[in-house]
Amino acid sequence: MSDGRFHEIVLPEGTSDEVDRVRRQDRLPEFVGLERDAEAILDATQIAIIGTGSVGANIALHSARLQVGAIYVADFAAFKPASLLTQPIGPSALGQKKASYIGRRCKHLSPKTKVFAWDRQFADLDSLELEQVDVVFVAGDNLPVVIDVSQRCRELGKPLLKASVEGSSLVAQVDFYSNALEASPCPVCSFTQGDWDSLNGSVTFSCHGGVNGNESDPNPKLHTRPTMSIAPLCSTAANLALFQFLRDRLGLGQPVRDTAVEFCAFTHRSVVSPLKRNPRCPCDHQPWELKSVSRRLPDCTFADLGRFALGDGVETNCLSFECPAWSYAERAWCSAGHAQQMGTFFRSSQRLGQCSLCGGPLACPKVYTQQIVAAETLGDNLRRPLQALGITDANRILVRQAQRTVLLREANRGVEEGGRS
Amino acid sequence: MSHRIKKRPVVPPGGLKALETMPLAAEQQAFFDRITASMSGPQFWCARKSSEARDVMALDQITARMHVQYFDVRQDIKLVIRLETPVACMPAGQQEIVIREEAILGISYLPEDLRQPQPGYKFVQILEPFDVWHPNVGMQPAPFGQPLCLGPRLPAGIRLKELILLSYGALTMQTVQMDEYDAAGVMNWPAAGYWQQNVHPIPLSRASFLDTVDLDQKEHAHGDNVEGK
């Protein structure tokens with residue numbers, strides 16, 4: 001689980017023999033206007049649910065009853081006594097990790113569905129773990145996670161359904177983001193000042209990461225107030241989300257992508273409205289293109305990767321490159337102040353060698369490192385293998401040109417057991 | 001470090017609030033045009049980098065306290081400034097504080113900083129002087145740069161000019177967090193303990209960022225002539 005990958009939920013042999021014989025088609029209606037093969041579509045559909053609380057858990061369990069192809073659930077929290085008030089669990093669940101618990105229940109309901117769980121912070125989940133899914137649901141009041149999920153879905157071009165409730169007004173809302181184009185909206189597009197204030201007030205950090213020089217360990221503390229709601233409202237939001245999902249996957253009725261549907265239990269009215277792109281949104285709306293490279297990435301040059309990503313005719317001097325977890329240092333200094341040309345990549349915890357003049361350790365202050373490196377900065381290093389530039393271990397590279405971003409990864413990445421290939 | 005002092009700048013009537021609308025002088029405009037000519041990245045990021053670059057050059061124009069030494073907005077934002085400010089240092093092997101008169105700060109800003117709150121130590125490193133002795137400055141050996149913590153949390157999309165002002169407030173100890181048992185913690189426990197026992201020099205300066213009183217006194221003390229920029 002420390003490698004940032006979902007872990008598969010597997011039941012012991014013989015625990016589900018009777019359930020195995022249950023067939024979705026015994027209950028699935030012939031929807032009005034259905035022109036697609038619902039059985040085949042649902043069998044092939046893979047969904048991810050980020051946040052398995054009051055709303056997300058219901059989404060997961062209903063998805064299992066639909067016997068979809070695969071369910072991925074993610075949540076870092078564990079059930080507390082107050083969870084009994086709104087979440088579809090019993091007392092035996094208290095203290096257990098939400099994602100794994102709901103994952104096991106999904107697996108019991110639908111043994112033929114592949115189920116995977118992630119019990120840690122969403123930020124620690126490998127960014128390509130959502131590549132296999134067809135649609136992502138996010139359900140929760142954790143704004144930092146909503147933003148993170150939103151950005152990842154945009155990058156991967158994954159449709160995103162965001163389900164939320166407002167308890168005091170008995171409102172359930174589902175926003176469906178297509179993430180198909182640069183002009184498509186995202187959840188952050190509709191953030192109000194209240195949302196930003198809530199976001200900024202929701203987390204504090206200790207000095208732990210700064211003291212240890214390990215910025216990847218900022219140890220954030222969340223201060224979100226629990227969502228004040230009732231169980232039927234949370235179920236309503238989950239059900240609305242699944243209706244939108246089914247209509248989209250099975251082509252039922254009017255298109256639902258890039259719309260918001262809001263139901264109010266005071267008035268029993270639903271309102272459907274379009275979602276619009278906010279030109280001032282601080283998120284990157286450009287979907288990535290994903291390509292696989294048959295060679296080991298450290299054996300390739302940036303020039304090769306640029307041509308592979310964008311075609312042989314590409315002007316490599318206009319490109320920039322990013323290798324996650326690696327930074328580029330043009331120069332480094334020793335404690336005596338001697339500057340030395342480097343032109344090398346390094347990880348944050350790595351030393352850059354020794355000064356040729358005094359033998360002291362070399363380092364490059366963060367302000368002189370680059371995470372995204374322009375081709376003109378690399379210069380002749382464009383034609384040297386990544387390994388020769390210090391990148392000994394990388395399974396993905398981002399290549400950027402103007403408004404295009406291509407994610408290159410090694411071809412053997414993603415060929416997994418079972419339904420994840 | 002040299003004691004070059006800028007030509008006395010003119011603060012616009014609106015002060016810092018007028019940064020966005022005040023016209024840039026020829027020198028600052030030329031610098032701004034040069035660094036933004038090679039910007040790249042998504043449109044929202046380029047727009048933000050342009051706005052930040054303009055703010056920083058306007059700040060450079062209206063204050064004698066700050067001098068831009070390096071500014072790179074090609075990909076991420078990388079800024080190095082020289083700040084005229086007292087900085088408390090404890091040179092290696094010594095027991096007494098030495099107050100330096102200026103600091104070189106390195107500020108790094110990435111696109112993800114626009115959409116999520118960040119730890120207070122994320123942005124600013126003190127490149128010089130070395131051996132800064134301050135509860136909210138991490139101990140890193142030279143020349144890595146000592147991280148400066150500006151609070152338990154910095155809001156999403158904080159502006160560069162705010163980081164600069166917060167840095168000045170932190171280094172002059174006009175704002176300082178010395179309680180090592182506070183949930184946010186401190187970056188240097190021994191320094192926190194030292195300053196709790198030696199509060200009398202705090203703050204190191206009461207001058208506001210745009211003030212020139214302390215700069216005038218320094219100029220007088222060193223007998224330097226004012227140079228043109």
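The values are calculated or read from the model by the stated rules, or taken from the named source; none is laboratory data. Every value quoted in this text rests on a predicted model; they were computed, and no experiment measured them. Neighbour counts are summed over all protein chains in view; Cβ atoms, including those assigned to glycine, are modelled from backbone coordinates with ideal geometry. Heavy atoms of the whole protein, side chains included, go into the accessibility calculation; ligands, DNA and RNA do not. Shrake-Rupley method; radii C 1.70, N 1.55, O 1.52, S 1.80 Å.
Worth pointing out:
- Scanning segment A:139-159 for residues that are away from every other protein chain (no Cβ under 14 Å), open to solvent by less than 40 Å² (accessible area, probe 1.4 Å) and over 10 Å from the mean Cα position of the chain (by Cα) returns A:Ala139, A:Gly157, A:Pro159.
- Per the conditions (1) touching a residue at least 12 places away in the same chain (Cβ under 8 Å); (2) outside any loop (DSSP other than H, G, I, E, B); (3) surrounded by fewer than 19 Cβ atoms within 10 Å (Cβ to Cβ), the sole criterion not satisfied by A:His62 is (3).
- Residue within segment A:112-119 that is of a type outside the set (A, V, I, L, M, F, W, C), over 14 Å from the mean Cα position of the chain (by Cα) and at pLDDT below 95 present: yes
- When A:Glu376 is tested against the conditions (1) modelled with pLDDT of 90 or more; (2) more than 30 Å from A:Val10 (Cβ to Cβ), the lone failure is (1).
- Residue match in segment A:219-231 (condition: of a type in the set (D, E, K, R), farther than 30 Å from A:Asp37 by Cα, modelled with pLDDT under 75 and surrounded by fewer than 20 Cβ atoms within 10 Å (Cβ to Cβ)): no
- Out of B:Ala103, B:Ala142, B:Ala156, sole residue that is open to solvent by 10 Å² or more (accessible area, probe 1.4 Å), at pLDDT 95 or above and either part of a strand (DSSP E or B) or at the interface with another protein chain (Cβ under 7 Å from one of its Cβ atoms) (or both): B:Ala156
- Taken together, the residues in segment B:168-191 that are under 18 Å from the mean Cα position of the chain (by Cα) and in contact (Cβ under 8 Å) with a residue 60 or more places away in the chain amount to 5.
- If you filter segment B:79-100 down to residues that are within 14 Å of chain A (Cβ to nearest Cβ) and open to solvent by 10 Å² or more (accessible area, probe 1.4 Å), you find that the one that is farthest from B:Asp33 (Cα to Cα) is B:Ala92.
- Search result, residues across segment A:342-357 that are under 26 Å from B:Gly41 (Cα atoms) and at pLDDT 85 or above: A:Met342, A:Gly343, A:Thr344, A:Phe345, A:Phe346, A:Arg347
- Restricting the first member to segment B:52-68 and to residues that are within 10 Å of B:Lys161 (Cβ to Cβ), and the second to residues that are hydrophobic (A, V, I, L, M, F, W, C) and assigned to a loop (DSSP other than H, G, I, E, B), the beta-carbon pairs closer than 7 Å and six or more apart or on different chains are B:Asp55/B:Leu19; B:Ala58/B:Leu19; B:Ala58/B:Met22; B:Ala58/B:Leu24; B:Leu59/B:Leu19.
- Within segment A:320-359, if we keep just the residues that are assigned to a strand (DSSP E or B) and without any contact (Cβ under 8 Å) to a residue 40 or more places away in the chain, the residue that is farthest from the other protein chains (Cβ to nearest Cβ) turns out to be A:Gln341.
- Qualifying positions in segment B:108-128 - in contact (Cβ under 8 Å) with a residue 60 or more places away in the chain and crowded, with 21+ Cβ neighbours inside 10 Å: B:Pro111, B:Gly120, B:Tyr121
- Any hit, segment B:61-72, residues being in a helix (DSSP H, G or I), at pLDDT below 95 and of a type outside the set (D, E, K, R): yes
- Positions within segment B:181-197 being open to solvent by 40 Å² or more (accessible area, probe 1.4 Å) and assigned to a loop (DSSP other than H, G, I, E, B), in sequence order: B:Tyr181, B:Asp182, B:Ala183
- Residues of segment B:41-70 satisfying the condition of being more than 14 Å from chain A (Cβ to nearest Cβ), among the charged types (D, E, K, R) and open to solvent by less than 10 Å² (accessible area, probe 1.4 Å): B:Asp55, B:Arg65
- Residues within segment A:301-316 that are assigned to a loop (DSSP other than H, G, I, E, B), of a type in the set (Asp, Glu) and more than 14 Å from every other protein chain (Cβ to nearest Cβ), tallied: 1
- Residue within segment B:1-13 that is within 12 Å of another protein chain (Cβ to nearest Cβ), under 30 Å from A:Pro279 (Cβ atoms) and surrounded by fewer than 19 Cβ atoms within 10 Å (Cβ to Cβ) present: no
Residue by residue, here is whether (1) within 12 Å of chain B (Cβ to nearest Cβ); (2) open to solvent by 20 Å² or more (accessible area, probe 1.4 Å); (3) within 19 Å of B:Asp76 (Cα to Cα) holds:
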position: A:Pro361; (1), (2), (3): yes, yes, no
position: A:Tyr368; (1), (2), (3): yes, yes, yes
position: A:Gln371; (1), (2), (3): yes, yes, yes
position: A:Ala388; (1), (2), (3): no, yes, no
position: A:Ala394; (1), (2), (3): no, no, no
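- Taken together, A:Gly53, A:Gly33, A:Gly69, A:Gly14 contain a single residue that is in contact with a Lys or Arg (Cβ under 9 Å, 6 or more places away or on another chain) and over 19 Å from A:Cys234 (Cβ atoms), which is A:Gly69.
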